C-alpha cells in the first residue's frame, strides 16, 4: 500500500506530493478506495481531508462519539514513503482487522487522511487538520503558492469548498480522542533495539530570524582587534546556541541554525551583516522558554563584547502538545501485551496532533525507522515493525472501548 501511494508524485523521478496537487488528489482517491474496501463510509471534507467512517457496533452511551485515527498524505520535496502515509494505512488496516475479528466498539471510528501537514506548497501548515479541529485561521485560505495560486482556488480545483470550511469541524463533545501511528523520524528506538515507542508529547517549537550588524571593512587593512565582524560574532553566537541546547538535553532540547546569509558577501570585505535562522525545540514549554531567555542574554553579551548589534525576531511559535496519559497508557499496555519493552519519548517533529489538540486528547505511537532518516528517499521502516504497530493500534482501540464500556463513557 505504501508503495502504491509512493507512485503518486508531482516530481520527476522522486516522491513529491504537495497539498492540493494532482498527485495529492490521486492519492486521496486511492486512500478512499481502500477505506471503502475496509467497509468504511467515505467522504471528502471541505479542506480535502479523506474521511472513512465506521459506525459503533456495540450499544452504549459512547455511541454518539468518534475515535479519530489518522495522519497525512502530503509530502516534502523528494520525500520518503513512510512519513504520514504509514499512519493512514495503519488506521485503515486496524479498522479492517477490527471488523474481521468481530471486535465490538461502543463508539464510532473515523480514519482521516490529512493534507498540508508538511506546509511545503503554501506558507501555511496543518490547514486540513486545523479545519477538522475547528481552529482554522480563515486568512490561510488566501495564502498563495510560488506560482501565485491561492489556496482557496486550489481547493476548489481539488474538489473542496473553502466557503464551507467550518463544516469540516467536529463538535468538541463528538471527538473521543485522536491517535496516530508515525515513524519516529529519529534514531532512539533503533539505537535501543525497540520496534515501538509511546510518545509523551509533541515538542514545542520557536523560530527566530537573528540579525547581527557590524561594519564592513577592507579585509587587508583593518586590524583584527579593531574589527566589528558580523560573521565572526555570529559564529560565536551559534556556538552559544549549541551549548545552551546541549545543556537542555534532559528535555530533549535541540537547536538548529539552518539558514545563514552574510553581506556584502565579497571575499575581500569584512561582513557587515549576518542573518541566520534559529529553530529551538523541547519536550515542554518551560525549558524551551527558559533557554530562549538565556540565549537572548548570551547573544547580547557576545554582541557587546564584539562591538556589533543583535536582534532576535520571532516568526513562528508552536506550544508543546502533551499526549494524554490515558492514551499513553493504552499504547503502553498494547506494547506490553505484545511482549515489548515499554519506551516513552517525546516527538521533536511537528504533527497533525498539534492542531487536533485544540479539539480533543491526542496520543501517538512511534515506529522504529532505519538510521532515524526521514524527509529523504532513504526513509525506511521494516514490515515486522509496522505490523506490530497495527496490532498495537488495534489493542489500544480495544482498551479505549473497554474503558468506555466500564466507565459509562467517562473516557
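The values are calculated or read from the model by the stated rules, or taken from the named source; none is laboratory data. Just so we're clear, the structure is a prediction, and the values are computed from it rather than from any experiment. FYI the Cβ positions are ideal-geometry reconstructions off the backbone, even for glycines, and counts take in every protein chain you see.
Annotations for the structure displayed:
- For the stretch 41-65, the tally of residues that are surrounded by fewer than 24 Cβ atoms within 10 Å (Cβ to Cβ) and touching a residue at least 24 places away in the same chain (Cβ under 8 Å) stands at 16.
- Leading residue by the ranking (farthest from the chain's Cα centre (by Cα)) among those in the stretch 265-275 that are buried (at least 16 other Cβ atoms within 10 Å of the Cβ) and either in a loop (DSSP other than H, G, I, E, B) or modelled with pLDDT under 95 (or both): 270
- In the stretch 1-31, the residues that are in contact (Cβ under 8 Å) with a residue 24 or more places away in the chain and assigned to a helix (DSSP H, G or I): 2, 3, 4, 5, 6, 24, 25, 27, 28, 30, 31
- Every residue from the stretch 32-47 that is assigned to a helix (DSSP H, G or I), touching a strand residue (DSSP E or B) at 6+ places or on another chain (Cβ under 9 Å) and within 27 Å of residue 382 (Cβ to Cβ): 33, 34, 35
- There is no residue in the stretch 284-295 that is surrounded by 15 or more Cβ atoms within 10 Å (Cβ to Cβ), in contact (Cβ under 8 Å) with a residue 40 or more places away in the chain, in a strand (DSSP E or B) and not assigned by TED's automatic domain parsing to the domain that holds residue 345.
- You will find that of 160, 197, 186, the residue that is over 22 Å from the mean Cα position of the chain (by Cα) and either buried (at least 17 other Cβ atoms within 10 Å of the Cβ) or not in a strand (DSSP E or B) (or both) is 160 and no other.
- Qualifying residue in the stretch 338-359 (condition: in contact with a helix residue (DSSP H, G or I) (Cβ under 6 Å, 6 or more places away or on another chain), crowded, with 19+ Cβ neighbours inside 10 Å, in a loop (DSSP other than H, G, I, E, B) and not assigned by TED's automatic domain parsing to the domain that holds residue 133): no
- Residue within the stretch 164-173 that is assigned to a loop (DSSP other than H, G, I, E, B) and within 30 Å of residue 251 (Cα to Cα) present: no
- Unmet criterion (only one of (1) touching a residue at least 24 places away in the same chain (Cβ under 8 Å); (2) part of a loop (DSSP other than H, G, I, E, B); (3) within 22 Å of residue 354 (Cβ to Cβ)) for residue 106: (3)
- Single condition residue 178 does not satisfy, out of (1) within 30 Å of residue 22 (Cβ to Cβ); (2) outside any strand (DSSP E or B): (2)
- Which listed residue is in contact with a strand residue (DSSP E or B) (Cβ under 6 Å, 6 or more places away or on another chain), modelled with pLDDT of 95 or more and farther than 25 Å from residue 218 by Cβ, from 295, 278, 239: 278
- Filter result (in a strand (DSSP E or B) and in contact with a helix residue (DSSP H, G or I) (Cβ under 8 Å, 6 or more places away or on another chain)) within the stretch 249-262: 254, 255, 260, 262
- The number of residues in the stretch 308-318 that are under 22 Å from residue 197 (Cβ atoms) and not in a strand (DSSP E or B) comes to 0.
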